[in-house]
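Let me begin by presenting the structure, written as structure tokens, before commenting on it.
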Amino acid sequence: MAEKAVRGTFLDFIDDPWKHVGDEAAATRFHVDGLLVTEDGIITDFGPYDEIAPKHPGIEITEIRDRIILPGFIDGHIHLAQTRVLGAYGEQLLPWLQKWVFPEEHKYAERDYAEEGTKHFFDNLLASGTTTAQTFTTGNLLCNEVFFEEATKRNMRMIAGLTGIDRHVPDYFANTPEQYYADSKTLIEKWHGTGRNLYAITPRFGFGASNELMAATQRLKEEFPDTWVNTHISENPAEIHGVLALHDDCTDYLEVYEKYGLVGPKFTGGHGVWLSDGEFRRFSESGAAVAFCPSSNLYLGSGLFRLGRATDPEHRVLLSVGTDMGGGNRFSLLNSLEDGYKVGMLNNTILDGSIVPSQQDLAESERNKLSAFRAFYLLTRGGAESLYIDDLVGTFDIGKEADFVALDYTAGPPAAPWHASLLLEKAGDGPLSLETVSDLLFGIMMVSDERAVDQTWVMGELAYQKA
Ligand code: GUN
Ligand code: ZN
């Protein structure tokens, strides 16, 4: 296939902005007039237009004007089969699962329903600028087949796996450890590394897993060590008490997963709202990741994730952002960033208001602030690093897969264009500066939503164009 290129304004990250407090720009790479060259969906060249274009005479160029182009967004934690029950009224985590989630997810055992739901799921991802998602499915084999078939059709880089539960669940929805092991093995052998699919061994959560189910999970990880592990951790106080009652030899939630040899690189625990400092330290030391799910944590009333504590350089935890749709009430990671920013502000009220803040508290409250660069780093390079797929996606480095999103900073609710015009007015005439891009990105996350997603590209091809 011939090389082709996209010309526009590009931003990606060369480092973690939390490592550059006071100078986050040092973590970015910005080309106001850039050229991204791809061949067969892989980035083969990237840089300033004037430098790159002469190296590729006659190349077909698509121009994308008045947009900010970022690597495709990575959702670290989302649920396939909750696409129709997002926004359910009235419950916190455990009753919400029983009342809304298990009955809906059960419908995905039927092929037609699973296919319809899965199409909605992928259409919504693309319309949100999300090109990669670590996805919970259901415990049903057919549902997982449908998911991987559709992911393959869309050619999207996905991580997912059969989502096992055998405790605190209605009989009609429960796995047995034997079936969970056998069906997971079938799926791993068929789909792990097939196309762009990657497999995550997925015990739903400690609260829903017997020792036998956890042992089956451990066996799978031992037999297929290069697979991922995806689960929930420390989301809700009632859940945590229940986990420690079920696994009474463990002193904290993380220990349940440690006991079964799951915690390390490629392990993600979703939520982590109530993790102790000691658990954060063990996450950090082992190379395991947390998916920060602010919209869900607010929607289900789970609590305020301590972002500033998780990013403490003493025990920096790898982080992605997850919508946790339908625990989160939106598909768009832009809404998650909005909520993440507000969580940081609330955490700072608690930190700064309770006592005369110490130097440590002040540093933590600075880290709680979800600046635009921190936020979009987490959706791109940071998310990829946390999932150990940064050799594949997350930046515009040569050799990476060409997934990207073009954001229209004037689009959104009626308030958005006039709001953006203030930022542009402040910037004055001439090409956009990095400072103005930072302002515009913050505007997108706080004032807009998926309406700012104008185009989503997958493997160098346009996969979504906003109408
Ligand atoms: N814990 C176990 N299952 C789920 C789920 O579906 N959503 C959320 N938010 N937490 C869970
Ligand atoms: Zn979840």
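The values are calculated or read from the model by the stated rules, or taken from the named source; none is laboratory data. Bear in mind that the values here come from a model prediction, so they are computed numbers and not experimental data. A quick note on method: Cβ atoms are made from the backbone with ideal geometry, for glycine too, and the neighbour counts reach across all protein chains shown. Ligands, DNA and RNA are excluded from the accessible area calculation, which covers all protein heavy atoms including side chains. Shrake-Rupley method; radii C 1.70, N 1.55, O 1.52, S 1.80 Å.
Within segment 241-259, is even one residue out of contact with any Asp or Glu (no Cβ under 6 Å at 6 or more places or on another chain), more than 16 Å from ligand 1 (Cβ to nearest atom) and β-branched (V, I, T)? Within segment 241-259 (the criterion being out of contact with any Asp or Glu (no Cβ under 6 Å at 6 or more places or on another chain), more than 16 Å from ligand 1 (Cβ to nearest atom) and β-branched (V, I, T)), the answer is yes, since at least one residue qualifies. Checked against (1) aromatic (F, W, Y); (2) within 18 Å of the chain's Cα centre (by Cα); (3) away from ligand 1 (no atom under 15 Å from the Cβ), F280 meets all criteria but (2).
Filtering segment 320-357 to residues that are open to solvent by 60 Å² or more (accessible area, probe 1.4 Å), polar (S, T, N, Q) and at pLDDT 95 or above leaves nothing. Restricting attention to segment 128-141, does a residue exist that is over 18 Å from F331 (Cα atoms) and either assigned to a helix (DSSP H, G or I) or in contact with a Gly (Cβ under 6 Å, 6 or more places away or on another chain) (or both)? The answer is yes, given that some residue of segment 128-141 is over 18 Å from F331 (Cα atoms) and either assigned to a helix (DSSP H, G or I) or in contact with a Gly (Cβ under 6 Å, 6 or more places away or on another chain) (or both). Remark: V273 matches the filter, which requires a residue to be out of contact with any strand residue (DSSP E or B) (no Cβ under 8 Å at 6 or more places or on another chain) and closer than 19 Å to D339 by Cβ. Set side by side, the residues E104, E91 differ, and just one is among the charged types (D, E, K, R), within 16 Å of ligand 2 (Cβ to nearest atom), in contact with a Lys or Arg (Cβ under 7 Å, 6 or more places away or on another chain) and assigned to a helix (DSSP H, G or I), which is E104.
Exactly one residue among L378, L424 is of a type outside the set (V, I, T), under 20 Å from P71 (Cβ atoms) and either in contact (Cβ under 8 Å) with a residue 12 or more places away in the chain or surrounded by fewer than 22 Cβ atoms within 10 Å (Cβ to Cβ) (or both), and that residue is L378.
Condition first: among the aliphatic types (A, V, I, L, M), touching an Asp or Glu at 6+ places or on another chain (Cβ under 7 Å) and either in a strand (DSSP E or B) or without any contact (Cβ under 8 Å) to a residue 60 or more places away in the chain (or both). Can you find one or more residues in segment 429-452 that meet it? No, the conditions are met nowhere in segment 429-452. Listed conditions (1) outside any helix (DSSP H, G or I); (2) farther than 15 Å from L11 by Cβ; (3) over 19 Å from the mean Cα position of the chain (by Cα) are all met by H419, apart from (1). Scanning segment 56-88 for residues that are more than 16 Å from ligand 2 (Cβ to nearest atom) and among the basic types (K, R), we see that the one that is farthest from A289 (Cα to Cα) is R65.
Listed here are the residues, each with its yes/no results for (1) open to solvent by less than 50 Å² (accessible area, probe 1.4 Å); (2) within 20 Å of V32 (Cα to Cα).
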residue	(1), (2)
G430	no, yes
S438	yes, yes
R451	no, no
W457	yes, yes
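Consider segment 184-202. How many of its residues are in contact (Cβ under 8 Å) with a residue 40 or more places away in the chain and either open to solvent by less than 30 Å² (accessible area, probe 1.4 Å) or not in a helix (DSSP H, G or I) (or both)? Counting residues in segment 184-202 that are in contact (Cβ under 8 Å) with a residue 40 or more places away in the chain and either open to solvent by less than 30 Å² (accessible area, probe 1.4 Å) or not in a helix (DSSP H, G or I) (or both) gives 11.
The residues listed here are T323, T349; of these, the one that is within 13 Å of ligand 2 (Cβ to nearest atom) and of a type in the set (S, T, N, Q) is T323.
Condition first: touching a residue at least 24 places away in the same chain (Cβ under 8 Å), closer than 25 Å to F122 by Cα and crowded, with 21+ Cβ neighbours inside 10 Å. Can you find one or more residues in segment 13-29 that meet it? The answer is no; no qualifying residue exists.
Give the residue that is nearest to R196 (Cα to Cα), with candidates limited to residues of segment 37-52 that are in contact with a Ser or Thr (Cβ under 7 Å, 6 or more places away or on another chain) and either surrounded by 19 or more Cβ atoms within 10 Å (Cβ to Cβ) or among the basic types (K, R) (or both). That would be T38. Among all positions in segment 48-67, there is no residue which is under 25 Å from the mean Cα position of the chain (by Cα) and among the hydroxyl-bearing types (S, T, Y).
Under the condition of being of a type in the set (A, V, I, L, M, F, W, C) and assigned to a loop (DSSP other than H, G, I, E, B), which residue from segment 378-403 is farthest from the chain's Cα centre (by Cα)? Taking the candidates together, the pick is I398. H419 meets all of the listed conditions (1) farther than 21 Å from I159 by Cβ; (2) open to solvent by less than 20 Å² (accessible area, probe 1.4 Å); (3) not aromatic (F, W, Y) but one, namely (2). The set of residues from segment 66-85 being touching a Lys or Arg at 6+ places or on another chain (Cβ under 9 Å) and either among the hydroxyl-bearing types (S, T, Y) or away from ligand 1 (no atom under 11 Å from the Cβ) (or both) comprises P71, G72, I74, R84. Among the residues of segment 128-150, the ones that are more than 16 Å from ligand 1 (Cβ to nearest atom), open to solvent by 20 Å² or more (accessible area, probe 1.4 Å) and not charged (D, E, K, R) come to 2 in all. Looking at segment 306-377, the helices (runs of 4 or more DSSP H) lying wholly inside it that each contain 1 or more residues that are within 16 Å of ligand 1 (Cβ to nearest atom) and over 24 Å from K19 (Cβ atoms) sit at 333-354. Scanning segment 254-309 for residues that are open to solvent by 10 Å² or more (accessible area, probe 1.4 Å), of a type in the set (A, V, I, L, M, F, W, C) and within 16 Å of ligand 2 (Cβ to nearest atom) yields W274, L298.
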